Amino acid sequence: MQENPFTLTFGQKPVEFISRDNQTDKIINTFNMEQPSNQVFMIAGVRGSGKTVSLSIISDYYSDREDWIVLRLSADSDIISSAVSELSRTSLKKNTDININASLGPIGVSLHTDNHLLGNEALLRNMIEELMKHNKRILFVIDEIINNDFVKVFASNFQIYITQHYPVYLVMTGLYDNIRNLQNEKSLTFLYRAPKVFLEPLNLPSMASSYRNVFNMSQKEAVEMARATKGYPFAFQVLGHLRWEHNCSLEDLMPEFDDALASFAYEKIWSELSELDKKIVYIISTGIEASADIRNKLSISPQLLNVYRKRLMERGIVDASQRGKLKLSLPRFAEYINAYCEVEI
């Protein structure tokens, strides 16, 4: 039996997916410059928007190049120590001169047995300087950053690497709130200057074409399926997965579609909203979309609504492309809210 080309697993690159070449290419093209205008990028998006897949595309591109070393690191562990270990391991695969490898091995072993030897922060700088002599560039990638001590210590050191003109590059992904919290750290103001790539909805014609090719369906039916996802990458995968498994009409797939979105994404997204966020989103879900009507319903000022409007847009939850109106960006989110969420206005 042929394998389902769509997946419900977050972070896994599916067989059938829609690329965001315009956004990933922006990062790649910048890093490939002889004198890059930026060495740090931050990819932000709602859960299920494809942050991890986008990061994997960038990582895979540079992993295939001999002059680059890619370090995939976790925000939940000591990033500096992990970078030392990974750099020692991956440099061996890049045909780095034997003298570098010989210098890394003994230091790495002794580091754990003699507290008077170089600390990991100094050791990492020495390793980078050695690799510079061999024209190597290093890409650090961190998925789903959070504002913890590991990330703050690494970011502080990375700022030093940049000022010392090291050939180092950094791409981090995260939820909008986590990125904002990290940027608000007084010692990490350089992150404010780092370009942020907000993942946009997928292209509807591309999704329709994908559905049509996989399921050999009519253009009309493929477009209906694509529209049902509103360009939300996880919804694109869920709907494709369900259609592959059941081969039934879009209408018949809706109950399972709603259940999957609720269980895998919307419960968590809703829980992370503030009380006023929830009230605004709830009002929109009832069909009240005019900004003036939302303000009147909540008795809040235009200035306060604008603050929350901007936050909800950057989180990928609200669409404000139509002047004076706010709409929900996520497919079937209104149905989820009306069915499962209680809000007092």
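The values are calculated or read from the model by the stated rules, or taken from the named source; none is laboratory data. The model shown is predicted, which means the values in this text are computed figures rather than measured ones. Cβ placement follows ideal geometry from the backbone for every residue including glycine, while neighbour counts extend to all protein chains displayed. The protein model used for the area step is the full one, side chains on, heavy atoms only, and it has no ligands, DNA or RNA in it. Shrake-Rupley method; radii C 1.70, N 1.55, O 1.52, S 1.80 Å.
A few comments on the model shown:
- Whenever a residue of the range 240-268 is more than 12 Å from Tyr336 (Cβ to Cβ), its partners that are among the polar types (S, T, N, Q), lying with C-beta atoms within less than 8 angstrom and at least six residues away or across chains, give the pairs Gly240/Ser210; His241/Asn4; His241/Thr7; Trp244/Asn4; Glu245/Asn4.
- Pro195 being closer than 23 Å to Tyr62 by Cα and at pLDDT 95 or above: no
- Residues of the range 173-192 that are of a type in the set (Ser, Thr, Tyr), closer than 16 Å to Asp149 by Cα and surrounded by 15 or more Cβ atoms within 10 Å (Cβ to Cβ): none at all.
- Check on Ser206, in a helix (DSSP H, G or I) and either open to solvent by 30 Å² or more (accessible area, probe 1.4 Å) or closer than 17 Å to Gln39 by Cα (or both): yes
- Filtered residues of the range 210-231 (kept if open to solvent by less than 80 Å² (accessible area, probe 1.4 Å) and assigned to a loop (DSSP other than H, G, I, E, B)): Met217, Ser218, Gly231
- Extreme residue, nearest to Leu253 (Cα to Cα), among residues of the range 194-233 that are of a type in the set (Asp, Glu) and in contact with a Lys or Arg (Cβ under 9 Å, 6 or more places away or on another chain): Glu221
- Filtering the range 236-288 to residues that are open to solvent by 40 Å² or more (accessible area, probe 1.4 Å), under 23 Å from Gly45 (Cα atoms) and outside any helix (DSSP H, G or I) leaves only Glu272.
- Leu298 vs. criteria in contact with a helix residue (DSSP H, G or I) (Cβ under 8 Å, 6 or more places away or on another chain) and within 14 Å of Ile269 (Cβ to Cβ): no
- Count - residues of the range 19-37 that are open to solvent by 20 Å² or more (accessible area, probe 1.4 Å), part of a helix (DSSP H, G or I) and out of contact with any Ser or Thr (no Cβ under 9 Å at 6 or more places or on another chain): 5
One line per residue, one yes/no per condition, for (1) among the β-branched types (Val, Ile, Thr); (2) touching a residue at least 12 places away in the same chain (Cβ under 8 Å); (3) closer than 26 Å to Leu199 by Cβ:
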site	(1), (2), (3)
Glu275	no, no, no
Asn306	no, no, yes
Met313	no, no, yes
Pro331	no, yes, yes
Asn338	no, yes, no
Ile345	yes, yes, no
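- Any hit, the range 201-208, residues being more than 16 Å from Phe31 (Cβ to Cβ) and over 22 Å from the mean Cα position of the chain (by Cα): yes
- Of all the listed residues (Asn29, Asn38), the sole one being free of Cβ contacts under 8 Å to residues at least 12 places away in the same chain, over 17 Å from the mean Cα position of the chain (by Cα) and closer than 17 Å to Leu170 by Cβ is Asn29.
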